[in-house]
Amino acid sequence: MWTDGKTDMQDAGRKRASSTGRVIKSLMALNGDMAHLDKYMQDKWFVLQLAVWALRGVTRVILANNPLSGAVMLLALYWASPWQGLLGTLGVLTATLVAVILGQDSAEVWGGLHGFNGMLVSLLMGAFNSAGDWYLWLMLPVCLGSATSVFFFSGLSPVLDRWDLPVAVFPFNMVIVLYFLCTGPDNPHFPHHLAVPPSSAPPNVTALSAAQVLQGIPLGVGQIFACGSLGPSLLILAGLCLYSPLQAVHALLGSAVGTLAGLSMSVRHECLYTGLSGFNGALGCMAVGGLFFTFSWRTHLLAIACAFLSAFVDIALSNLLGSIGLPACSWAATLSATLMLLLRGSLSTYRIPLARVKAPERNLCSRSRWEAGSTVERDSTDV
Amino acid sequence: MWTDGKTDMQDAGRKRASSTGRVIKSLMALNGDMAHLDKYMQDKWFVLQLAVWALRGVTRVILANNPLSGAVMLLALYWASPWQGLLGTLGVLTATLVAVILGQDSAEVWGGLHGFNGMLVSLLMGAFNSAGDWYLWLMLPVCLGSATSVFFFSGLSPVLDRWDLPVAVFPFNMVIVLYFLCTGPDNPHFPHHLAVPPSSAPPNVTALSAAQVLQGIPLGVGQIFACGSLGPSLLILAGLCLYSPLQAVHALLGSAVGTLAGLSMSVRHECLYTGLSGFNGALGCMAVGGLFFTFSWRTHLLAIACAFLSAFVDIALSNLLGSIGLPACSWAATLSATLMLLLRGSLSTYRIPLARVKAPERNLCSRSRWEAGSTVERDSTDV
Amino acid sequence: MWTDGKTDMQDAGRKRASSTGRVIKSLMALNGDMAHLDKYMQDKWFVLQLAVWALRGVTRVILANNPLSGAVMLLALYWASPWQGLLGTLGVLTATLVAVILGQDSAEVWGGLHGFNGMLVSLLMGAFNSAGDWYLWLMLPVCLGSATSVFFFSGLSPVLDRWDLPVAVFPFNMVIVLYFLCTGPDNPHFPHHLAVPPSSAPPNVTALSAAQVLQGIPLGVGQIFACGSLGPSLLILAGLCLYSPLQAVHALLGSAVGTLAGLSMSVRHECLYTGLSGFNGALGCMAVGGLFFTFSWRTHLLAIACAFLSAFVDIALSNLLGSIGLPACSWAATLSATLMLLLRGSLSTYRIPLARVKAPERNLCSRSRWEAGSTVERDSTDV
């Protein structure tokens, strides 16, 4: 792109163009998957490497993969609650270390694939803990739960690989449900709040506040990290934007769709206001819109459909699990996105093989390239 | 069969025989799978084609595949309740259209495989709706639910294909459970009745009426379409008989077995009288007896075993799901038949590969043919 | 081993050595899998063969495979309760016979693989039956349940085979849950006790008795056979020791780990005292430590991890299923061990392919042999 114009430009223009290009290139090097960083980090200290893997793991929670975004999101978590930030950091580090010890595939460890489930387990343990912040004993189940999530990840992958499906957040959802079931609400060491089903009585008597519902949409993005404050949620969204603006748009769109679904089923106002109605929609929308499918108007419609499905399934599962006090976590989005990835028919031609999934914007470019049969795999930052 | 006797028959006898043969042939052309119709319909209007696909879809509900039977069964549904008939029609048409739009495999669409789950979703939504008949808003979830069933069908098929298993009514069962969980009993827009577990208190105090129990057996066939009136149930049975008499016999046998299982577990009398005890047995019995297995005395015994298993599993699941107010639908029969299809050992030699499954009577003929290694696939109506 | 020293030993010493060797060999012929017995039994009466298959089936319950151990364990069951012993015998015989009738793979039938699920179903039906001992009608569901477990075993194996996973006690767990759900607590013919969740109120007020907790550890091994008496439990352990001392050590270790997990979650004292907290840990520990993985210090640690996971998952599932009165049986250990068998990474190199699994001690020897590429498969008793 930058070399085509070489011959018919003047020297000065060329210099200017090339310097602008260099700036854009450096900016582009910071968004997307930052795959070039892996090469650069190969001979660095283990602690530095671990930090990068963990930061990638932080972004994997929200279907991104960029250590810089990860730093931004971690900052947002510490801003929202230093205790939650600490637990999340502990979880992602423990899980990544356990994966290294268990000798998991190094490409997976480098990509942060083993850390994000541990992080989510830790964040949810902290969010539902009823013993108050800075209850240090909680670090014990946080470490154990994060470590367990690595076993689940490693065990589920050969099963899901058969259909080229990602393991996604299945391990997190399983481990956290088992943890809540195991401890129960009255556990003397690790008590936790009970989740309330979204359709539960008493019925909504107060009028719905449109402003608060609108505020629930960005909060839905934050709720992916179990974070319910507006400022940190917006910072998380900014971090996501750094990885891929398309992904950020889909996150907001999905959260809006989820809120709409919640409105249609007249769930408790609290669910709408806190963004709990929206986050499954956001996850479902992001997974289909651009990440695992090449972006086009057809997959865009599919992403909206997936967001609706995720949101309605979330209400259904929240009612089911809520009746025994369990949160539905992100079961709905995970199951819905998995279903979409399994779809046959003309839409499956847009599906990107798991090994080739990159940031949505790169997917668009790389797809045309590998579809054209180009066997030369150029550096993905060299667009 | 009709051509073997050619040389040693007189002219007159030949003519008579051939005219009788023609009549039998035309009659035979109306039962079974009517595969010849597909060729005939290829260049007709889309609306006509859609009608045939939808009518095939109607019969798929009861494991048949014949547009004429479908018309008879739809008539029975309109007879039982015009509102239910309308919902069923809407469901099967929506699902088939969505499958066309999603670019699903045309052979599957032509065979009505995408319509029947949508139809069942619509019928159950109507049957459990507590807002009364002709509550037109119900058409919205009916359309959405039917469309969702296509996604589930398409998504489940690559998973089940690995073991050459049919998707069957898994999509219907999943969608309807999610719908009931999502709306809940007190939903302001789409309220629905709660299902009552079959073994629930108070215990049966009144004497059991043998006549009503016997009446429950044909009603069990009607309950496959969520239809609880005797006349329409018999008409549905007649439609099934048009497709395959063997299938109709197995349906009644299975329903009787299911009723017997219900008696042995002393379920509520209402379950026996309305045929709710029998319909899972009927489905299980039909699937194994002749359809997915070649008919023989061994598979006949297996069909009875499958009917018993379906019926007992149905009581178990109805007790489980009924405790939170959900109906067990046809989970039991679907799971039991799937288990039977997975069986190893000497019985698995009777198993018909999914791609070769036809009407039970044709299965008997075609099996001997493809087992004999005949590579020429003759027209299946030309027996 | 015994032939290497031949040339440099005196005649007398050789005789002594060879006679000692013969004794050791005969002893060794009695432990492990006793594979040589199959050849010996081939032309014997069917009733004798059936007895051997059934006795192997008895040991399969506790992950062993030795008819002598089976006889010892059956003796222990009759000692604990003749009625339970009778039910167990009936269950294992019915299941094995049904497998023969259904034409299941003869190697599987010979190895007792079809009997043990039936035995467990029978034992649990007896243990939870509230109509008292020697309620002969119970034999009807015992026979039917055992027969059903064969169907489940045969149907699940093609699914689990894809990942080289054992069917294990999945059939037992499914059948028994269905049975309890089907009959319900108030069934007029087959009433049964309700299971109580381990974390249920009222909280533990009495002090914990260390002696009783310690006694719970060997009881945990007995609870694998639903046997809660100390003497028979120790006899079962002795029988296990006959098969493989390593397995027996892992059983005790796992039971201790399970008790520890129960203590950490402060479950009801009764669960600790009766060994109910320990038996899932014991099963999980045995499966990983030596049986499906070659024994080494790394797999030993994995076995302890699996025991902890099994125990905690058991508490979680017991709380979940206990809320509707169902026991969690051995779901936890089965799922945890399955997860461990699916693990990727460096630990998976210790995994023994299912077709090569023998007694833990032989696994150690045979592994080095088949890894060394020795194509000559010598008789496994000829160490």
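None of the figures in this text is laboratory data; all of them are computed from the coordinates on show. No experiment lies behind these values; they were computed from the predicted model shown. Virtual Cβ from ideal backbone geometry, glycine too; neighbours counted across all protein chains shown.
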Could you tell me how many of the residues in region A:46-72 are closer than 16 Å to A:Cys227 by Cα, hydrophobic (A, V, I, L, M, F, W, C) and within 11 Å of the chain's Cα centre (by Cα)?
3
From A:Ala261, A:Ala248, A:Ala256, residue being without any contact (Cβ under 8 Å) to a residue 60 or more places away in the chain and either in a strand (DSSP E or B) or within 14 Å of chain B (Cβ to nearest Cβ) (or both):
A:Ala261
How many residues are over 20 Å from C:Leu301 (Cβ atoms) and hydrophobic (A, V, I, L, M, F, W, C) if we restrict to region C:218-259?
15
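Residues checked against (1) surrounded by fewer than 21 Cβ atoms within 10 Å (Cβ to Cβ); (2) more than 8 Å from chain B (Cβ to nearest Cβ):
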site	(1), (2)
C:Leu124	no, yes
C:Gly132	yes, yes
C:Leu136	yes, yes
C:Pro158	yes, no
C:Trp163	yes, yes
C:Ala168	no, yes
C:Met174	no, yes
C:Leu178	no, no
Looking at (1) in contact with a Cys (Cβ under 8 Å, 6 or more places away or on another chain); (2) more than 14 Å from chain C (Cβ to nearest Cβ); (3) surrounded by fewer than 22 Cβ atoms within 10 Å (Cβ to Cβ), which one does A:Leu208 not meet, given that it meets all the others?
(1)
Hey, does region B:323-345 have a residue that's in contact with a Leu (Cβ under 7 Å, 6 or more places away or on another chain), over 29 Å from B:Asn31 (Cβ atoms), buried (at least 22 other Cβ atoms within 10 Å of the Cβ) and facing chain C (nearest Cβ under 9 Å)?
no
Among the candidates A:Ala238, A:Ala251, single out the residue that is surrounded by 24 or more Cβ atoms within 10 Å (Cβ to Cβ) and among the small types (Gly, Ala, Ser).
A:Ala251
Look through region C:108-118, keep the residues that are more than 13 Å from C:Gln49 (Cβ to Cβ) and not aromatic (Phe, Trp, Tyr), and return whichever of them is surrounded by the fewest Cβ atoms within 10 Å (Cβ to Cβ).
C:Glu108
For the list (1) closer than 28 Å to B:Gly70 by Cβ; (2) buried (at least 24 other Cβ atoms within 10 Å of the Cβ), I need the number of the one condition that B:Pro198 fails.
(1)
Positions within region A:180-195 being surrounded by fewer than 22 Cβ atoms within 10 Å (Cβ to Cβ), within 12 Å of another protein chain (Cβ to nearest Cβ) and touching a Phe, Trp or Tyr at 6+ places or on another chain (Cβ under 7 Å), in sequence order:
A:His189
Hits in region B:264-303 (condition: free of Cβ contacts under 8 Å to residues at least 60 places away in the same chain, within 14 Å of chain C (Cβ to nearest Cβ) and within 17 Å of the chain's Cα centre (by Cα)):
B:Asn280, B:Gly284, B:Val288, B:Phe293, B:Ala303
